[in-house]
Amino acid sequence: MLSLLLAWLKFHQPLQQLPGNVSGKAARLLELDESSWLGQEEKFVALGDSMLNEKKAWEPYFLETVARDIQNKIEPAQLWELYLGTGTSGEKPYRFGFLLEKMIAEPVFPGIVQEIFRKLAFQLQSEESESNLRNIKESLLEVQNSLKREASESCLGVQNALQKEKEKGLSLLNALALCNITLRRTEKAVQSYPSNDKGWENLYRQVSRFEMEMEFLKELDRPLGNSLAVTLESWKRSYITSADKLLKQFTVHCRQETPTGRQTLAGLLRQFPAWVKKKKYSGGAYFFILDGARVDIWELLMEKIFSEMKLRFLKEGFTWALLPTVTENQLQPLKETGLLGHIVNVNENIISELLVEPASLLQAVNNRPQFQSPGQQPAAIRALKFDFVDDKVHTSRENLLTLSEEIAMQGKKKLWPVLDNLPGDSLVLIAADHGFRTNFHYTKLKKWEEPRYLHGGPTFFEILAPWGLLEKAP
């Protein structure tokens, strides 16, 4: 144990000679008798160097076992103080970049990764400059990508444990930075409200992930003893205060501004034939309605789609839903004006039919043939409608992170099979009809008396509905 501990200290101080008293401090922390090591420090360090530098020569999990034995005797905070006691770090341990570098370079102790993470998290909680937070977030992203590229050494359990600890720490730090940035932006927006539609759309996209990231932080913080609980509760109260003001001002904006330039579902459907005609799209042209998918849920679903399928975005944006923000109020006018025709509601039976005979269902909702007729007014657009988001929103009392996971599972069962069975060289217009908002005053004590999520109102969570034009490769 002493060999590994001294080699660890030397690893972090490669250009320095370790002070003579460090060996004694390390040995005392390990409760070793002086006679067992005095005068043999160089041999111990050489053995430790071999353990670190020639890992494959040792038995699998040997290094992890020794590291665990050390951590059973010495707390991570004591290990960190032992490192600081070498006197070679000066003021650097208090700098974010230095701490991050040490956390990622740590070769042995998962506990040290956690200890450094706590210090980094404290700095992130205290940072008030949005500019500094953005720079930190960029650094974290670079480190995350670099860590993913590193091939883990399969024969070394300690490497796997370290890898997991570093990935978990980086995920939490990234979420902390994102939430802090969002909080600063909401506070800033309250001081100077957006003046036009595009400004409100941009603000909504910027703040949309706050609630989900906060729930993600709580989940990650639980194994750490809820060390972030006070900060997260303070951030939540601050966000709700700012969000209430923004939502009231958004309502004022909607009443005052002339809506002629806003994108609507009707506008999308009128543009759809022209988009199809730009290319032959031999696989077909399809319109999907994703009922109730607000932008954070939308982005979660899209991320999963693109990680698994040959699809790419051609265009994306927001439509402005009509009040009240319920499905009937969005679709009925489209039917009455002849823009929207037959709608197939996708359920388990439809998916079963699709898997048996995909061509039959897809042919029934393929809009390409009617768009290709020259000089002829296109017939009403046929659509596939997916209700799994809205269904969950109306019934769930879970937090937003759990809700999003349940929605993702439903997407896997209902949306994925349809996209997977679409022919290559297809064009797909996917649009939410409205969003939903979180009831910020919901409590578990009243969970059967009031909903946790709802829609129908005039907030940007409900009115601004995401859409995307996707192309499936041939």
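Worth pointing out:
- Among residues of region 182-241, those that are among the hydroxyl-bearing types (Ser, Thr, Tyr), over 17 Å from residue 118 (Cβ atoms) and not in a helix (DSSP H, G or I), counted: 4
- Residue 414 meets the stated requirement of being touching a strand residue (DSSP E or B) at 6+ places or on another chain (Cβ under 6 Å) and either over 23 Å from residue 270 (Cα atoms) or outside any helix (DSSP H, G or I) (or both).
- Residue 319 being surrounded by 14 or more Cβ atoms within 10 Å (Cβ to Cβ), assigned to a helix (DSSP H, G or I) and of a type outside the set (A, V, I, L, M, F, W, C): no
- Considering residues of region 439-474 that are of a type in the set (Phe, Trp, Tyr) and under 18 Å from residue 236 (Cβ atoms) only, the residue surrounded by the most Cβ atoms within 10 Å (Cβ to Cβ): 461
- Checking each residue in region 28-84 for being at pLDDT below 80 and touching an Asp or Glu at 6+ places or on another chain (Cβ under 8 Å) picks out 55, 56.
- Of the criteria (1) assigned to a helix (DSSP H, G or I); (2) touching a residue at least 60 places away in the same chain (Cβ under 8 Å); (3) over 26 Å from residue 363 (Cβ atoms), which one residue 303 fails: (2)
- Residues that are crowded, with 21+ Cβ neighbours inside 10 Å and in contact with a Ser or Thr (Cβ under 9 Å, 6 or more places away or on another chain) were ranked within region 199-209; the one that is farthest from residue 300 (Cα to Cα) is 207.
- Residues in region 130-145 that are more than 18 Å from the chain's Cα centre (by Cα) and free of Cβ contacts under 8 Å to residues at least 24 places away in the same chain: 3 in all.
- Top-ranked residue of region 395-432 - restricted to ones that are in contact with a Pro (Cβ under 6 Å, 6 or more places away or on another chain) and not small (Gly, Ala, Ser), ranked as nearest to residue 210 (Cα to Cα): 421
- Selection of first residues in region 1-16 that are closer than 17 Å to residue 58 by Cα and outside any helix (DSSP H, G or I) and of second residues that are of a type in the set (Val, Ile, Thr) and at pLDDT 80 or above, restricted to Cβ pairs under 8 Å at least 6 apart or on distinct chains, gives the following pairs, ordered by first then second residue: 1/66; 1/70.
- Members of region 242-267 found to be among the polar types (S, T, N, Q) and in a helix (DSSP H, G or I), listed by number: 242, 249, 251, 256, 260
- Residue within region 264-272 that is within 18 Å of the chain's Cα centre (by Cα) and over 18 Å from residue 172 (Cα atoms) present: no
- Residues in region 223-276 that are more than 16 Å from residue 463 (Cβ to Cβ) and of a type in the set (A, V, I, L, M, F, W, C): 224, 228, 229, 230, 232, 235, 240, 269, 272, 274, 275, 276.
- Picking from residues in region 417-438 that are outside any strand (DSSP E or B) and hydrophobic (A, V, I, L, M, F, W, C), the one that is surrounded by the most Cβ atoms within 10 Å (Cβ to Cβ) is 436.
- Residue within region 275-289 that is surrounded by 14 or more Cβ atoms within 10 Å (Cβ to Cβ), out of contact with any His (no Cβ under 9 Å at 6 or more places or on another chain), touching a residue at least 60 places away in the same chain (Cβ under 8 Å) and closer than 30 Å to residue 216 by Cβ present: yes
The values are calculated or read from the model by the stated rules, or taken from the named source; none is laboratory data. Please read these numbers as outputs of a predicted model, since none were measured by experiment. Heads up, the Cβs are rebuilt from the backbone with ideal geometry, glycines too, and the neighbour counts pull from every protein chain shown.
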